[in-house]
1. Can you tell me which residues in segment 41-61 are among the aliphatic types (A, V, I, L, M) and not in a loop (DSSP other than H, G, I, E, B)?
2. Any chance segment 87-106 includes a residue that's under 24 Å from Met232 (Cα atoms), crowded, with 17+ Cβ neighbours inside 10 Å and not aromatic (Phe, Trp, Tyr)?
3. Can you run down the residue pairs with Cβ atoms below 9 Å, 6 or more apart or on separate chains, where the first is in segment 100-125 and touching a residue at least 60 places away in the same chain (Cβ under 8 Å) and farther than 16 Å from Cys41 by Cα and the partner is assigned to a strand (DSSP E or B) and of a type in the set (Ser, Thr, Tyr)?
4. Conditions first: (1) surrounded by fewer than 18 Cβ atoms within 10 Å (Cβ to Cβ); (2) in contact (Cβ under 8 Å) with a residue 60 or more places away in the chain. Thr43 passes all but one, so which condition is the exception?
5. Working only within segment 1-18, note down all residues that are in a helix (DSSP H, G or I) and open to solvent by 40 Å² or more (accessible area, probe 1.4 Å).
6. Looking at segment 170-221, which of its residues are without any contact (Cβ under 8 Å) to a residue 60 or more places away in the chain and either in contact with a Pro (Cβ under 6 Å, 6 or more places away or on another chain) or open to solvent by 60 Å² or more (accessible area, probe 1.4 Å) (or both)?
7. Identify, from the list Leu258, Leu250, Leu267, Leu235, the residue that is within 14 Å of the chain's Cα centre (by Cα) and open to solvent by less than 30 Å² (accessible area, probe 1.4 Å).
Amino acid sequence: MSYTTDEITSQPDCWARVLRELPEHAAALPKPGEHVAVIGCGTSWFMAQSYARLREDAGHGLTDVYPASEARLNRPYDRVLAMTRSGTTTEVLTAIEQARPGTRVTAITAVGDSPVADLADDVVCLPYADERSVVQTRFPTTQLLLLRAQLGQVTDRVLDDVVTALETPIEDELLEAEQVSFLGEGWHIGIANEAALKVREAAAWWTESYSAMEYRHGPIAVAGPGRAVWSMAGLAEPLVEQIRATGGHLRQARLDPLAELVVVQRLAVRLAVAAGRDPDRPAHLTRSVVLQAS
């Protein structure tokens, strides 16, 4: 069994633990009314996208989101929230160093003695959600669940749904699809982006991700027999009809979107193994991107 599989199956325990720990982490997280910039790279950027939309929808304040390499932290933010598993990613560290003086920095990381922890004013450390595999699974979902709970979202269902996600059969049409497009709406768009990345990373599969309403503006042209569309949220019936008319397979989310992502993680491992790839150590990838000074 791969490390990735072990880490995927450990998510119910990680999620339950992080919800118990919310009171001890709450003071470090953005406060209602703060103008916040959220930064990350790769998977962390996609979790940041979801959190930023959730925070604004909850009425907690303006929340901008950037890939760390494109962050514009010279703007007057009250707080920067940096999301980074390793705490060593060069772009995240560089962005924090360029923040305006007086901007408070919170880091969510799995490594408490990392460079990002040294730079941050507040640190939320989730070491039990760290991973041995290069491909992230339990760390991003655990940190996003913490942030959802801090925003006041009811999380009872998600703890049940993640157990279901580990037991849900994966349709043959998904295992056999040559291409998968993931769709989202609102905060689910970040989840769709992460779903597509997960399958690309682990299995080198052809995946794409889109806002559901944007999907019909061109991307639907690639749908067809032998290909699949997987929505992280419910779809309007006219779009459902359009997708089905292409002959492609459609799966609509049956679980909380974060739990639905767990099913995608399982698909990624299955496809990687079928392709003879190592899901723990995909080609060309490393645990953290650390750039050499030019």
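The values are calculated or read from the model by the stated rules, or taken from the named source; none is laboratory data. Please read all numbers here as calculations on a predicted model, not as lab measurements. Glycine gets a Cβ as well: all are built from the backbone with ideal geometry, and neighbour counts include every protein chain shown. Quick note on the areas: whole protein, heavy atoms, side chains included, nothing else; ligands and nucleic acids left out. Shrake-Rupley method; radii C 1.70, N 1.55, O 1.52, S 1.80 Å.
1. Met47, Ala48, Ala52, Leu54
2. Within segment 87-106, not a single residue is under 24 Å from Met232 (Cα atoms), crowded, with 17+ Cβ neighbours inside 10 Å and not aromatic (Phe, Trp, Tyr).
3. Asp122/Thr106; Val123/Thr106; Val123/Thr109; Val124/Thr106; Val124/Thr109
4. The one condition Thr43 does not meet is (1).
5. Once the filter is applied, which keeps residues that are in a helix (DSSP H, G or I) and open to solvent by 40 Å² or more (accessible area, probe 1.4 Å), segment 1-18 yields Tyr3, Asp6, Thr9, Asp13, Arg17.
6. Passing the criteria: Asp172, Glu176, Glu178, Glu185, Arg200, Trp206, Tyr210, Met213, Glu214, Arg216, His217, Ala221.
7. Leu258
Here is a yes/no grid of residues against (1) among the charged types (D, E, K, R); (2) under 26 Å from Pro67 (Cβ atoms); (3) modelled with pLDDT of 95 or more:
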site: Lys198; (1), (2), (3): yes, yes, yes
site: Thr207; (1), (2), (3): no, yes, yes
site: Ala245; (1), (2), (3): no, no, yes
site: Gly248; (1), (2), (3): no, no, yes
site: Gln265; (1), (2), (3): no, yes, yes
